[in-house]
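The structure appears below as structure tokens.
Every number in this text was worked out from the coordinates using simple rules, so none of it is lab data. What you see is a predicted model; the values in this text were computed from it and never measured. A quick note on method: Cβ atoms are made from the backbone with ideal geometry, for glycine too, and the neighbour counts reach across all protein chains shown.
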Amino acid sequence: MFYFEEISGKKVMKSTLLEGLNHIFTTRESFIKTKETEFLSIAEKNKSDIQKFLGAEKMIYPEQTHSANIRIVRPNEDFYPDTDGLILSEKGIAVFLNFADCTPLIFYDEEHGISAVSHAGWRGTASMIGVKTVKMMREFFNSKPENIKCAIGAAISKCCYNVGEDVCRKLISTVKNPEGLYELRNGELYVDLKGINKRQLEDIGVNMIDVCPYCTVCDNDNFFSYRKENGTTNRHSAIIMID
């Protein structure tokens, strides 16, 4: 279940499924990423407050490109180009990815002390970035899918995410059973990105999954929406850190 807390008086979101892992989903109040000049100082202050709250030595994020490329975080490496998923085993480093409609995925293997965060827009979802993240966790850290927990954060939901037939076909072809993950409404196709990511993970044996009910378009007072806000550069973030 997802719930709200506050850091320095600003709203953040967490999942009860990920108790034991330092994790934060930021909101419009607590955002730490923007390209808009008038908001840069606010974002930096929020970032400083969150870093202090976590007790992190540093906070890093990759150069996101809507890819399905995943990297393992190394202690002396801060730049991860063309990367939309990071796997974290090092302590004291906070890692975050940024979103404004796309689907945030946070993974946690408590047994091996491994976490990961991935960015699943429609391209990443079609390329099964969540599944690829789990497979890398298994390959490099011996994580078992049945022991991995996943929190799927706020994203554009089926109520608001209309796509073309080609995109819909690519997305639903990634799951064994697409029932309920898309619908035709008033002549337009609507798909459930969060639901597709969840079902992809279930298909490979990940069953401990918490799906955030919030839609970034409908709940635009809490989260940023690229679609609704005409290409805003403000982003909410998914942050992880291992103690």
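Please go through the range 58-103 and pick out each residue that is more than 11 Å from MET241 (Cα to Cα) and among the hydroxyl-bearing types (Ser, Thr, Tyr). Let's see the steps before the verdict.
Taking the range 58-103 first, the residues more than 11 Å from MET241 (Cα to Cα) are 61-86, 97-103.
Of everything in the range 58-103, those that are more than 11 Å from MET241 (Cα to Cα) and among the hydroxyl-bearing types (Ser, Thr, Tyr) turn out to be TYR61, THR65, SER67, TYR80, THR83, THR103.
Give me the residue from the range 67-114 that is free of Cβ contacts under 8 Å to residues at least 24 places away in the same chain and aromatic (Phe, Trp, Tyr) and, out of that set, nearest to ILE196 (Cα to Cα). Break it down stepwise before answering.
Going residue by residue through the range 67-114, those that are free of Cβ contacts under 8 Å to residues at least 24 places away in the same chain are 69, 71, 73-83.
So of that shortlist, the ones also aromatic (Phe, Trp, Tyr) come out as 79-80.
Values: PHE79: 30, TYR80: 27 Å.
Per the stated criteria, the residue is TYR80.
To keep it simple, each residue is scored yes or no on (1) surrounded by fewer than 19 Cβ atoms within 10 Å (Cβ to Cβ); (2) closer than 17 Å to GLY124 by Cα; (3) without any contact (Cβ under 8 Å) to a residue 40 or more places away in the chain; (4) under 22 Å from the mean Cα position of the chain (by Cα).
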residue: VAL163; (1), (2), (3), (4): yes, yes, no, yes
residue: LEU181; (1), (2), (3), (4): no, yes, yes, yes
residue: GLY187; (1), (2), (3), (4): yes, no, yes, no
residue: LEU201; (1), (2), (3), (4): no, yes, no, yes
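Out of everything in the range 32-51 that is of a type in the set (S, T, N, Q) and either assigned to a loop (DSSP other than H, G, I, E, B) or in contact (Cβ under 8 Å) with a residue 24 or more places away in the chain (or both), what residue ends up being nearest to PHE223 (Cα to Cα)?
Applying the first criterion (of a type in the set (S, T, N, Q)) to the range 32-51 yields 34, 37, 41, 46, 48, 51.
Filter once more, keeping what is either assigned to a loop (DSSP other than H, G, I, E, B) or in contact (Cβ under 8 Å) with a residue 24 or more places away in the chain (or both): 34, 46, 51.
Numbers: THR34: 13, ASN46: 15, GLN51: 20 Å.
Looking at the filtered set, the residue picked out is THR34.
Here are some residues: LYS170, LYS158, LYS132, LYS194. Which one is outside any helix (DSSP H, G or I), surrounded by 14 or more Cβ atoms within 10 Å (Cβ to Cβ) and among the charged types (D, E, K, R)?
On the way: LYS170 fails: outside any helix (DSSP H, G or I); LYS132 fails: outside any helix (DSSP H, G or I); LYS194 fails: outside any helix (DSSP H, G or I).
Among LYS170, LYS158, LYS132, LYS194, only LYS158 is outside any helix (DSSP H, G or I), surrounded by 14 or more Cβ atoms within 10 Å (Cβ to Cβ) and among the charged types (D, E, K, R).
Quick one: ARG169 ticks every box in (1) in contact (Cβ under 8 Å) with a residue 24 or more places away in the chain; (2) among the basic types (Lys, Arg); (3) farther than 28 Å from LEU88 by Cα bar one, so which box is it?
(1)
Does the range 2-33 hold any residues that are surrounded by fewer than 23 Cβ atoms within 10 Å (Cβ to Cβ), under 16 Å from PHE53 (Cα atoms) and among the aromatic types (Phe, Trp, Tyr), and which are they?
Across the range 2-33, the qualifying residues are PHE4, PHE31.
Which of the residues that make up the range 213-243 are closer than 12 Å to CYS160 by Cβ and not in a loop (DSSP other than H, G, I, E, B)?
CYS215
Filtering the range 80-103 down to residues that are surrounded by fewer than 23 Cβ atoms within 10 Å (Cβ to Cβ) and charged (D, E, K, R), which residue is nearest to PRO62 (Cα to Cα)?
It comes out as ASP82.
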